[in-house]
Amino acid sequence: MDLAETPWIPTLRFVLEIAATAAFALSGMIAAARQRMDAVGVCVVACVAAFGGGTLRDLLLDQRPFFWVRHTGYVWGILALCVGAMLFMRQRHFKPTERAMLLPDTIGLGLFAAIGVDVAMAVGMPALIAVMMGVITGVFGGVLRDVLCNEVPQAFSDHRPYALCAFAGGWVDVALRQVQAPDWAPLLACVMVTAGLRVLALWRNWQLPAWRV
């Protein structure tokens with residue numbers, strides 16, 4: 001089933017992409033603020049977090065121009081969001097804790113995972129590759145964010161399931177396409193399963209085993 005055949009599905013994807021971009025930009029801003037970066041650093045980390053996963057996806061799928069180049073409003077929106085958020089944080093004396101970063105990071109993970117699977121399926125990728133594109137889109141913006149902040153990426157070191165949540169959500173998306181579910185169902189189910197599993201992992205403190213030599 002090709003979601004692109006339904007006229008309003010591209011609009012749904014676009015709305016989800018805007019929400020995901022904003023969520024990851026916020027997580028990038030909070031991460032940069034925790035490192036006491038200046039305004040330029042905050043904007044750079046926010047943009048890398050917001051665009052990193054989708055850019056890598058587009059590179060692997062040979063999609064040109066990149067999604068944020070096609071829609072330059074994303075860039076202006078992120079810059080405006082950065083300015084507004086920095087002013088808000090200063091006025092409210094907001095503390096950029098790791099806990100504060102979890103909500104936008106979880107929302108962005110679910111939204112971007114769904115978009116990644118959808119984009120890959122739309123260009124004819126097999127199921128496994130589509131799921132991997134969902135994981136890459138959802139995870140690697142946060143990985144690049146943490147690298148720029150001179151930290152070991154949380155996706156690889158936190159031990160609470162992160163990429164696995166996107167992997168599971170991606171397979172739910174693919175399965176619903178195979179049973180001819182309504183066009184909107186795979187996208188939204190992937191968002192809910194991915195974000196829901198991540199919330200459960202944080203709430204219940206699920207831990208993956210650490211590799212020790």
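Residues that are closer than 16 Å to Ala22 by Cβ, at pLDDT below 90 and buried (at least 19 other Cβ atoms within 10 Å of the Cβ): does the range 88-103 have at least one? Looking through the range 88-103, at least one residue is closer than 16 Å to Ala22 by Cβ, at pLDDT below 90 and buried (at least 19 other Cβ atoms within 10 Å of the Cβ). Contact map, the range 62-91: first residue not aliphatic (A, V, I, L, M), second residue not in a helix (DSSP H, G or I), Cβ cut-off under 8 Å, separation 6 or more or different chains; pairs are Gln63/Val123; Phe88/Phe94.
With respect to (1) within 18 Å of Pro153 (Cα to Cα); (2) in contact with a helix residue (DSSP H, G or I) (Cβ under 8 Å, 6 or more places away or on another chain), the lone exception for Val119 is condition (1). Using the structure shown, decide if Ala113 is within 18 Å of the chain's Cα centre (by Cα), of a type in the set (Gly, Ala, Ser) and at pLDDT 90 or above. Judged against the criteria, Ala113 is a match.
With the structure loaded, tell me whether Asp173 is part of a helix (DSSP H, G or I), out of contact with any Leu (no Cβ under 9 Å at 6 or more places or on another chain) and either surrounded by 21 or more Cβ atoms within 10 Å (Cβ to Cβ) or not aromatic (Phe, Trp, Tyr) (or both) or whether it fails that test. No, not satisfied. When you look at Pro10, is it closer than 26 Å to Met192 by Cα and either over 16 Å from the mean Cα position of the chain (by Cα) or in a helix (DSSP H, G or I) (or both), yes or no? Answer is yes for this residue. When Asp158, Asp105 are checked against the criterion of being within 23 Å of Arg13 (Cβ to Cβ), of a type in the set (D, E, K, R) and either touching a helix residue (DSSP H, G or I) at 6+ places or on another chain (Cβ under 6 Å) or free of Cβ contacts under 8 Å to residues at least 40 places away in the same chain (or both), Asp105 stands alone in meeting it. When restricted to residues that are out of contact with any Gly (no Cβ under 9 Å at 6 or more places or on another chain), among the small types (Gly, Ala, Ser) and not in a loop (DSSP other than H, G, I, E, B), the range 176-206 contains 2.
If the condition is being part of a helix (DSSP H, G or I) and charged (D, E, K, R), then the range 47-77 contributes Arg57, Asp58, Arg70.
Of all residues in the range 194-213, those being β-branched (Val, Ile, Thr) and over 17 Å from Arg13 (Cα atoms) number 2.
The values are calculated or read from the model by the stated rules, or taken from the named source; none is laboratory data. Quantities reported herein were computed from a predicted structural model and do not represent experimental measurements. When we count neighbours, we look across all protein chains shown, and the Cβ atoms used for this are built from the backbone with ideal geometry, even at glycine.
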